[in-house]
1. Among the residues of segment A:14-35, is any within 14 Å of DNA strand C (Cβ to nearest atom), over 30 Å from B:Q34 (Cβ atoms), among the charged types (D, E, K, R) and outside the structural domain of A:C133 (by TED's automatic domain parsing)?
2. Please tell me if B:K71 is more than 21 Å from the chain's Cα centre (by Cα), away from DNA strand C (no atom under 16 Å from the Cβ) and among the charged types (D, E, K, R).
3. Which condition from (1) within 11 Å of DNA strand D (Cβ to nearest atom); (2) open to solvent by less than 30 Å² (accessible area, probe 1.4 Å); (3) within 16 Å of A:K71 (Cβ to Cβ) is the one that A:Y19 breaks?
4. Looking only at segment A:22-35, count how many residues are open to solvent by less than 40 Å² (accessible area, probe 1.4 Å), modelled with pLDDT of 95 or more and over 11 Å from the mean Cα position of the chain (by Cα).
5. Given the residues B:R187, B:R166, which is the only one that is farther than 26 Å from A:Y153 by Cβ and either in a helix (DSSP H, G or I) or modelled with pLDDT of 95 or more (or both)?
6. Would you check if B:R119 is in contact with a Pro (Cβ under 6 Å, 6 or more places away or on another chain) and more than 7 Å from chain A (Cβ to nearest Cβ)?
7. Out of the residues in segment A:69-90 meeting the condition of being within 10 Å of another protein chain (Cβ to nearest Cβ), open to solvent by less than 40 Å² (accessible area, probe 1.4 Å) and out of contact with any strand residue (DSSP E or B) (no Cβ under 7 Å at 6 or more places or on another chain), tell me which one is nearest to DNA strand D (Cβ to nearest atom).
8. If I go through segment B:2-44 residue by residue, how many of them are closer than 22 Å to B:I126 by Cβ and either in contact (Cβ under 8 Å) with a residue 60 or more places away in the chain or in contact with a Gly (Cβ under 6 Å, 6 or more places away or on another chain) (or both)?
Protein chains: 2
Amino acid sequence: MDVRTLCLAVLYQGEASGYEIKKAFQEGAFSHFQDASFGSIYPALGRLSSEGLVECTQMAQEKRPDKKVYKLTQSGEDSLITSLLTPPTPDKFTSDFFFVLYFAELLPLPQVIKLVDQRISFYQEIIERMTTCDPAALPTGRRLCHGLGLTVYQNSLAYLEENKERFIAELRSQNTIHTSSDPDTNRTQIETNRHIS
Amino acid sequence: MDVRTLCLAVLYQGEASGYEIKKAFQEGAFSHFQDASFGSIYPALGRLSSEGLVECTQMAQEKRPDKKVYKLTQSGEDSLITSLLTPPTPDKFTSDFFFVLYFAELLPLPQVIKLVDQRISFYQEIIERMTTCDPAALPTGRRLCHGLGLTVYQNSLAYLEENKERFIAELRSQNTIHTSSDPDTNRTQIETNRHIS
DNA sequence: TTCAACATATATCAAGTCGATATATGTGAA
DNA sequence: TTCACATATATCGACTTGATATATGTTGAA
């Protein structure tokens, strides 16, 4: 979804500055499935302003730098709905964790263990944050989002915890790279895995 | 992860052309957690070539356009390992499905039902494709990747199937937008939801 | 107390990436 | 036959990211 629509979506929840819109993607409700940087938010707000989809009020006072508060117009609301009605593009998921895990055999075992442990902590923290809010208080659509997301994290955590020990034991038993710094042994290991599909 | 490393990773599995590398991200093993386009793959292969991390063999014959087959060098293998050892960046997940679902109350009910049904089919198809291969045949790292990914898809599917009817019933019962095309009714609906957190 | 780290707030820029498009040919199905 | 699709490389405009610049307030630890 383009950043312009993303901004409209945040502003639909209430007026906000560019800085606050960024926070919605960093810590807020949208943080799990959308993102945008300042470099795209500020230009987007400029365009939305000139097209009349948002209105900007300059808050010159404050003890901070000027704050530009943006507010959705009726035209902006219409544009948001229209965008929501267009067929959604496929999900995009990129993960270095999965990528590194894929090549676990090539890495020192302690490194792999650390990777998995960090992942477990990562899931635990997200789950804790997500379970502090009461789902019953959410509107229907948001509640399904929340429930589906939480399910994914909980089951990922459970899977990792259930398989961690077996996984590590298997890695330990099958190669020598982890206990030796002999380059020849190393090389042999790499060659061994080379053509496994 | 930068596209250069991604190319090295694909080439680690065996030599390939730019076109074939693209396919690895589109249909192959990496398709679930990494992506790259021609616009980034071809320049990356050029740089990798000039840096000696890959070797290029021009296959001039064939009945097709020239095929440039790239092969990993020792230096390229070392570079891949080094990249795998650097701390992984956080996952990135963007989903229009979640985004639209979040605003389900604002949309016509048939549209929302279609969205959920398509999602269910999407999960079913992926699960079917992933369960055709035998996980026991995979190297340890790949097997954990595969298992974790499959778990996510299976549990997402189960959650949607379990909650679909209740979700739709709830949407149907709470608003009028879905059965009326009266713009005033429409507007009222939008205002009603306006400030729900 | 002081001082570093962090938060608020806007904005820009180089580098990288995507999605579409161009080019050229082969294959298979309707 | 003709059209859609697959193979194959390559480029380009538009967009996005991540880092950085600028300026100030707050907070907590040494």
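The values are calculated or read from the model by the stated rules, or taken from the named source; none is laboratory data. None of the values given here were measured: they were computed from a predicted structure. Neighbour counts are summed over all protein chains in view; Cβ atoms, including those assigned to glycine, are modelled from backbone coordinates with ideal geometry. These area figures cover heavy atoms from the full protein model, side chains too; ligands, DNA and RNA do not enter into them. Shrake-Rupley method; radii C 1.70, N 1.55, O 1.52, S 1.80 Å.
1. Among the residues of segment A:14-35, at least one is within 14 Å of DNA strand C (Cβ to nearest atom), over 30 Å from B:Q34 (Cβ atoms), among the charged types (D, E, K, R) and outside the structural domain of A:C133 (by TED's automatic domain parsing), which makes the answer yes.
2. yes
3. Of everything listed in (1) within 11 Å of DNA strand D (Cβ to nearest atom); (2) open to solvent by less than 30 Å² (accessible area, probe 1.4 Å); (3) within 16 Å of A:K71 (Cβ to Cβ), A:Y19 misses just condition (2).
4. Total satisfying the criteria: 2.
5. On the way: B:R166 fails: farther than 26 Å from A:Y153 by Cβ.
After ruling out the rest, the residue left standing is B:R187.
6. Working: in contact with a Pro (Cβ under 6 Å, 6 or more places away or on another chain): no; more than 7 Å from chain A (Cβ to nearest Cβ): yes.
Against the criterion (in contact with a Pro (Cβ under 6 Å, 6 or more places away or on another chain) and more than 7 Å from chain A (Cβ to nearest Cβ)), B:R119 does not qualify.
7. It comes out as A:S83.
8. 4
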